[in-house]
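Asks: The structure that follows is given in the form of structure tokens.
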Amino acid sequence: PSVPRCTNRLINEKSPYLLQHAHNPVDWYPWGQEAFDKAKKENKLIFLSVGYSTCHWCHVMEEESFKNKEIGEIMNKNFVCIKVDREERPDVDKVYMTFVQATSGGGGWPMSVWLTPDLKPFAGGTYFPPDDRVYRVGFRTVLLRIADQWKENKDALLENSQKIMEALLTQAEIRGQAQESPPASKEVMATCFQQLSSSYDEEYGGFSEFPKFPTPVNLNFLFTYWALHRTTPEGARALQMALHTLKRMAYGGIHDHIGQGFHRYSTDQHWHVPHFEKMLYDQGQLAAAYARAFQISGDEFFADVAGDILLYVSRDLSDQAGGFYSAEDADSYPTATSEEKREGAFCVWAAEEIRALLPDPVEGATEGTTLGDVFMHHYGVKEEGNVSPMKDPHKELKGKNVLIVQSSLELTAAQFGLEVGRLSALLRDCRKAVTPQLVLAPQPLPEPVPVSVAYAGLMISGFAQAGATLAKEEYVSRAVQAASFLRRHLFDPTSGRLLRSCYRGKDNTVEQSAVPIQGFLEDYVFVIQALFDLYEASLDQGWLEWALQLQHVQDKLFWDPKGFAYFSSEAGDPSLLLRLKDDQDGAEPSANSVTVTNLLRAASYSGHMEWVEKAGQILAAFSERLLKIPIALPEMARASAAFHHTLKQVVVCGDPQGEDTKDLLRCVHSVFCPNKVEVTA
């Protein structure tokens, strides 16, 4: 690589996302007092850019704008420019994403926000192209217009920012009243089911046209709804929606049929062309969902997909010290000699590649049939490529194919005159045959940070739940290894507090930043859930004890004693203008949603009934949203059923390591019963 022409202060950071921008001609600052003081002293506006290291559109905006010397000069002259890694500082991200979503009707990354010197937002968006386009204003134009506004209409701009903040404070407030009762679970569950049913895609599964996200929270709700309404038509429909969605996703291009794991989301209705990054939090939740689908249906297909996900995470997103990486990048080099990365380069195929890798004739098939013919037919490979130009705005996938199962095994078998069992074995051999080609291609790098604790918690739950459900000891062992990593590197036994993240240093050592970032609410919530899951999978009392200890710390740091429920961040940071309570389950369930179930489990394990009261107060605080649009909080709607039905206790007597005890546990884990806890006598 050539010697960088410029270096900014991000070179001193640990975050891989910030380090990616350390050689931009932009005078970037990390989020902190130095940048705030400069803005006030020079009376400059702040340009805040938030993203993460594996985000494709973050890479695009950097290449187009932040590496552009002329745009960099405009930014440096008129603004104090701050870069934030959302995986390091989700608190900062949530405050300004709340503003962007409220004012633009959408959100995402990269997030671009303009702030007054006292950090109040007044303009924002997501990705901007460098120059004006037919339907989109360019980044250069926006910068110059905002700089002119600050010079010409400063007072009006400041007044507007104050009004925006007041509106956001009102909008973001979530409060319960003392003695207020939680909403009726039956009504909440019925409304949530109806809203999901109305938005369901009957043909392809999922709950929107496009883009399509996996949203495991919806699937978990539907499984629970089925369990509580097994004998009704509504219950049957709930199960059908969940299982059909999981099957269509697994057949689709969002599922990496060769490299394993799931991509972030599908850009089309058919789950075909994905946004190619792979996120740890998706793998953890989907592994648990597919294992649950097997538990309910008995269909080995779902168990195989769960195993596929966990194989991918064990191989590509695992650190040798036992931790996990957050994500795998969407962009990689098409060949070892390429100079530019392309989105999805590691995951797409040209027809000639497949033919060259699979030239052998298939005995017993229609005359002249090769393995390549069978593979290409089954996975929708076309000579000209199978990606619509509409889904390829940068023409990075031209002539390439995203593998997608186009027909059933039965139809493919009939096409080539093969038996279904033989075809299944042939396709398995084909996938193995093309896998070595991936070894020759430059692989996208996983983020070199076992971060964040919250994502690791979701992945530990995935391994623990799948291990229990599928009776796979190796999955439980991997969960134990990861939990031990957290306790060793991301937990301060003196204060009892979690840290947000750690970093891979030289020689694969584990390092902290100079000033370690303390854990946020989501870190505690997902780790506590993971430790409960691990306790039930392993019956190791130590994980339960640590989880209960962390629950007490969470109560102390984040509980709102006046308005009830938990704040996303702790008090005391003057740079945070809002202390928020997440009110939506998205790619990950919201922390308060998961906490309701955590508190009920904690009370069942410990007898500490104050936690049941807290669970009810959370449900009461979110009562209006649960009654009107529970589809925004399906995980909390699911938890409301656990609150009203109370949890069943399964008491396990005997030696946890005894074979008879293990047999009994395998029996317990083979049945889907959502509102239960397991305790040892």
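Asks: Taking loop as defined by DSSP and a crowding limit of 10 other beta carbons within 10 Å, which trypsin sites (Lys or Arg not before Pro) in the stretch 557-604 fit?
Replies: Here the trypsin sites (Lys or Arg not before Pro) that fit, given the DSSP loop and packing criteria, are 562.
Asks: Mind giving me the FRET efficiency for residue 671 and residue 562? R0 is 41 Å, r the Cβ-Cβ distance, nearest 0.05 is fine.
Replies: Calculated value: 0.45.
Asks: Which aspartates and glutamates, on any chain, are close to residue 398 with Cα under 15 Å apart, when same-chain ones fewer than 8 places away are left out?
Replies: Filter leaves 343, 352, 353, 383, 384.
Asks: Percent of Cα-Cα pairs more than 26 Å apart in the stretch 288-426, please.
Replies: Every Cα pair in the stretch 288-426 considered, those over 26 Å come to 43 percent.
Asks: How far apart, in nm, are two points set 7 Å out from the Cα along the Cα-to-Cβ line at residue 422 and at residue 660?
Replies: Inter-label distance under the simple model: 5.0 nm.
Asks: When the C-alpha atoms of the stretch 65-149 are aligned to their principal axes, what extent does each axis show, in angstrom, from largest down?
Replies: 32, 28, 25
Asks: At a probe size of 1.4 Å, how large is the accessible area of residue 74, to the nearest 10 Å²?
Replies: Looks like 30 Å² after rounding.
Asks: Can you list the residues of the stretch 452-495 with backbone N under 19 Å from a point 7 Å past the Cα of residue 552, pointing along Cα to Cβ?
Replies: Zone members listed by number: 487, 491-495.
Asks: Determine how large the accessible area of residue 394 is when every protein chain is in place; take a 1.4 Å probe and give Å² rounded to the nearest 10.
Replies: Accessible area, nearest 10 Å²: 80 Å².
Asks: Count the lysine pairs in the stretch 10-172 whose Cα atoms lie under 12 Å apart, taking only pairs 8 or more positions apart in sequence or on different chains.
Replies: Taking the Cα cut-off of 12 Å, the pair count is 4.
Asks: Could I ask something else about it? Quick one: Debye curve from the alpha-carbon atoms of the stretch 256-364 only, equal weights, vacuum; give me log10 I(q)/I(0) at q = 0.12, 0.18, 0.24 Å⁻¹ to two decimals.
Replies: -0.54, -1.04, -1.30
Asks: If R0 is 22 Å, what FRET efficiency do you get for residue 236 and residue 190 from their C-beta distance, rounded to 0.05?
Replies: 0.90
Asks: With a 1.4 Å probe and all protein chains kept in place, how much accessible area does residue 249 have, in Å² rounded to the nearest 10?
Replies: For residue 249, solvent-accessible area is about 0 Å².
Asks: Of all accessible surface on the chain at a 1.4 Å probe, what whole percent is carbon and sulfur?
Replies: Answer for the chain: carbon and sulfur cover 51 percent of the accessible area.
Asks: Give a quick list of GluC sites (Glu not before Pro) in the stretch 490-567 that DSSP marks as loop, anything other than H, G, I, E or B, with at most 15 other Cβ atoms within 10 Å.
Replies: Hits after loop and neighbour filter: nothing returned.
Asks: In nanometres, what is the gap between the two model label sites at residue 180 and residue 431, each 7 Å from Cα along Cα-to-Cβ?
Replies: 4.9 nm
Asks: Any idea what Rg and Dmax come out to for the chain if you just take the C-alpha atoms, in Å?
Replies: Answer for the chain, Rg first and Dmax second: 25.6, 81 Å.
Asks: Once you put a point 7 Å from the Cα of residue 388 and another 7 Å from the Cα of residue 19, both along the Cβ direction, what distance in nm separates them?
Replies: 4.0 nm
Asks: Can you tell me how much longer the chain between residue 162 and residue 300 gets when fully stretched, taken as 0.36 nm per residue apart minus their C-alpha distance, in nm with one decimal?
Replies: Full extension from residue 162 to residue 300 adds 44.0 nm.
Asks: Could you tell me which Cys residues in the chain have no other cysteine's Cβ under 4.7 Å from their own Cβ, answering none if every one has a partner?
Replies: Within the chain, the cysteines lacking a partner Cβ under 4.7 Å are 6, 81, 192, 347, 430, 502, 653, 667, 673.
Asks: Would you kindly calculate the mean projected area, averaged across all directions, of the convex hull enclosing the Cα atoms of the stretch 522-626, in square nanometres?
Replies: Taking the Cα atoms of the stretch 522-626, their convex hull projects to 7.2 nm² on average.
Asks: Continuing with this model, one more query. When only C-alpha pairs under 8 Å and at least 6 residues apart count, what is the relative contact order of the chain, in percent?
Replies: Here the relative contact order equals 13 percent.
Asks: Could you run the Debye sum over the Cα atoms of the stretch 201-298, one equal point scatterer each and no solvent, and tell me log10 of I(q)/I(0) at q = 0.10, 0.19 Å⁻¹, two decimals?
Replies: Ignoring solvent entirely, the Cα scatterers give -0.25, -0.86.
Asks: Another question, if that's okay. Within 10 Å of each candidate Cβ there may be at most 10 other Cβ atoms; applying that plus a DSSP loop requirement, which GluC sites (Glu not before Pro) in the stretch 202-235 survive?
Replies: Loop-located and lightly packed - 202, 203.
Asks: Same structure again: Give, in whole angstrom and from largest to smallest, the semi-axes √(5λ) of the equivalent ellipsoid of the stretch 487-558, with λ running over the eigenvalues of the Cα gyration tensor.
Replies: Each semi-axis is √(5λ); the values are 23, 16, 10 Å.
Asks: Something else: Set the Förster radius R0 to 22 Å, insert the Cβ-Cβ distance between residue 518 and residue 37 as r into 1/(1 + (r/R0)^6), and round the FRET efficiency to 0.05.
Replies: Calculated value: 0.45.
Asks: Moving on to the next point. Between residue 131 and residue 69, what length in nm is gained on full extension when 0.36 nm per residue of separation is reduced by their alpha carbon distance?
Replies: The span from residue 131 to residue 69 would gain 20.9 nm if fully extended.
Asks: ³J(HN,Hα) across the stretch 309-323 via Karplus (A = 6.51, B = -1.76, C = 1.60, θ = phi - 60°), whole Hz, x for Gly/Pro?
Replies: My calculation for the stretch 309-323 gives 5, 6, 5, 4, 5, 5, 8, 10, 10, 10, 8, 5, 7, x, x Hz in order.
Asks: If the stretch 10-172 were replaced by its equivalent ellipsoid, with semi-axes equal to the square roots of 5 times the Cα gyration tensor eigenvalues, what would those be, largest first, whole Å?
Replies: Three semi-axes, in Å: 22, 18, 17.
Asks: Taking the solvent-accessible surface of protein heavy atoms with a 1.4 Å probe, what is the per residue accessible area of the chain in Å²?
Replies: Each residue of the chain exposes 41 Å² on average to a 1.4 Å probe.
Asks: Grab the other residues whose beta carbon is less than 9 angstrom from that of residue 580, score K and R as +1, D and E as -1, and report the net.
Replies: Net charge in that neighbourhood comes out at 0.
Asks: Under a no-solvent Debye model with one identical scatterer per Cα of the stretch 347-440, what's log10 I(q)/I(0) at q = 0.16, 0.17, 0.23 Å⁻¹?
Replies: -0.65, -0.73, -1.18
Asks: Output ³J(HN,Hα) for the stretch 421-435: one whole-Hz value per residue in order, computed from phi by the Karplus curve 6.51 cos²θ - 1.76 cosθ + 1.60 with θ = phi - 60°, and x for Gly and Pro.
Replies: With the stated coefficients, the stretch 421-435 comes to x, 5, 4, 4, 5, 4, 5, 4, 5, 5, 4, 5, 5, 8, 4 Hz.
Asks: Quick one: length gained pulling residue 506 to residue 471 fully straight, 0.36 nm per residue minus the C-alpha distance?
Replies: Answer, rounded to one decimal: 8.8 nm.
Asks: Given a 1.4 Å probe and heavy atoms of the protein chains only, how would you sort 158, 143, largest accessible area at the top?
Replies: 158, 143
The values are calculated or read from the model by the stated rules, or taken from the named source; none is laboratory data. For clarity, every value in this text was computed on a predicted model and none was experimentally measured. Neighbour counts run over all protein chains shown; Cβ positions are idealised from the backbone, glycine included. Protein only, heavy atoms only, side chains kept; ligands, DNA and RNA dropped before computing areas. Shrake-Rupley method; radii C 1.70, N 1.55, O 1.52, S 1.80 Å.
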